[in-house]
Amino acid sequence: MFINLNQLALIFQSVLIMSGAVRTSDENYHSIYNFEEVIMSELKIGEISKPRFEFRTFGQDFGDAEKRMTRLSVPVPEKVWERQSDEIYILSKTNDVNNTKIRDGKMDIKTFVQAVDGFEQWNPLMKGEFPMPAEQLEKEVFPAFQVEMLALTQDTYSRDEFLAIIDAHPDLQAVKVHKQRFGYMVNNTICESANVLINGAKIVSLNSESTEVEDIAKTVADIGLEGVENINYLQAIKRIIGMIDKPLAN
């Protein structure tokens, strides 16, 4: 029988508690979560050989599903209980497969690889930071937007200088996104609920991701989201700003 790394972490935790080696009030109990964090980092390291898939959706309210996610979750590390971030997404009218965002002065581009049973796989395409060389913008960034690049007249560009280029381009738009995320783990899948502000418009999101598609499917069913549209961040933002004429999941 195959046991994945997440299951091994939970078994390890349960054995220690049942044997009396630790109690939930003990400091050692919380160190178990460090083991879980190592497990999660191993998942990231293994993305190339065993990619992670994701279900995500956006709407106005997922109250019942969010409650079920909260109650079904096993304990998770305190550092993922709640996280907040401010990001800038770069949207292109001609691209739906490369997801570009800027956070803390760094740019991250992920590219869509495939969908299996409706669950999407995205892999890293490019990582960089500002100030960014013009050569990198020319060879890596603008090709991901799938648009004609405006003339670059400098050797390097700060974040604000890059955003000025985006603002001047007729097919590109920079969108401010604030995320308040709450982390969970259900059926060995990494889950979160999130309050998201897209240029100030508030929506909510739920997601489940794992290397095992079957575990995601079970989680989606268990929290009551079967049949709900899988919507990634690119699609959600485009719908909010009017680049796509289509509603969210609710």
- Item | Of the criteria (1) among the small types (Gly, Ala, Ser); (2) closer than 12 Å to residue 192 by Cα; (3) without any contact (Cβ under 8 Å) to a residue 60 or more places away in the chain, which one residue 63 fails | (2)
- Message: Go through the range 166-196 and report how many residues are assigned to a strand (DSSP E or B), under 15 Å from residue 223 (Cβ atoms) and in contact with a helix residue (DSSP H, G or I) (Cβ under 9 Å, 6 or more places away or on another chain).
- Response: 10
- Query: Would it be correct to say that residue 222 is more than 11 Å from residue 69 (Cα to Cα), out of contact with any His (no Cβ under 7 Å at 6 or more places or on another chain) and among the acidic types (Asp, Glu)?
  - Reply: no
- Query: For the range 174-187, does any single residue satisfy the condition of being free of Cβ contacts under 8 Å to residues at least 12 places away in the same chain and assigned by TED's automatic domain parsing to the domain that holds residue 130?
  - Reply: no
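From the list 147, 141, pick out the single residue that is in contact (Cβ under 8 Å) with a residue 24 or more places away in the chain, in a loop (DSSP other than H, G, I, E, B) and among the hydrophobic types (A, V, I, L, M, F, W, C).
147
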- Count of residues meeting criterion [without any contact (Cβ under 8 Å) to a residue 12 or more places away in the chain, of a type in the set (Gly, Ala, Ser) and in a loop (DSSP other than H, G, I, E, B)] in the range 208-250: 2
- Item | the range 69-113, subset touching a Phe, Trp or Tyr at 6+ places or on another chain (Cβ under 6 Å) and of a type in the set (D, E, K, R), residue nearest to residue 219 (Cα to Cα) | 82
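Residues checked against (1) closer than 18 Å to residue 53 by Cα; (2) buried (at least 19 other Cβ atoms within 10 Å of the Cβ); (3) small (Gly, Ala, Ser); (4) more than 15 Å from the chain's Cα centre (by Cα):
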position	(1), (2), (3), (4)
114	yes, no, no, yes
159	no, no, no, yes
186	yes, yes, no, yes
201	no, no, yes, yes
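Can you tell me how many residues in the range 77-105 are surrounded by 15 or more Cβ atoms within 10 Å (Cβ to Cβ) and within 17 Å of the chain's Cα centre (by Cα)?
So in the range 77-105, the residues surrounded by 15 or more Cβ atoms within 10 Å (Cβ to Cβ) come out as 77, 80, 87-93, 95-96, 98-102.
Next, from what is left, pick out any that are within 17 Å of the chain's Cα centre (by Cα): 80, 87-91, 96, 98-102.
Of the residues in the range 77-105, 12 are surrounded by 15 or more Cβ atoms within 10 Å (Cβ to Cβ) and within 17 Å of the chain's Cα centre (by Cα).
The values are calculated or read from the model by the stated rules, or taken from the named source; none is laboratory data. Given the structure is predicted, the values throughout are model-derived calculations rather than measurements. Reconstructed Cβ throughout: ideal geometry from the backbone, glycine too, with neighbour counts over all protein chains shown.
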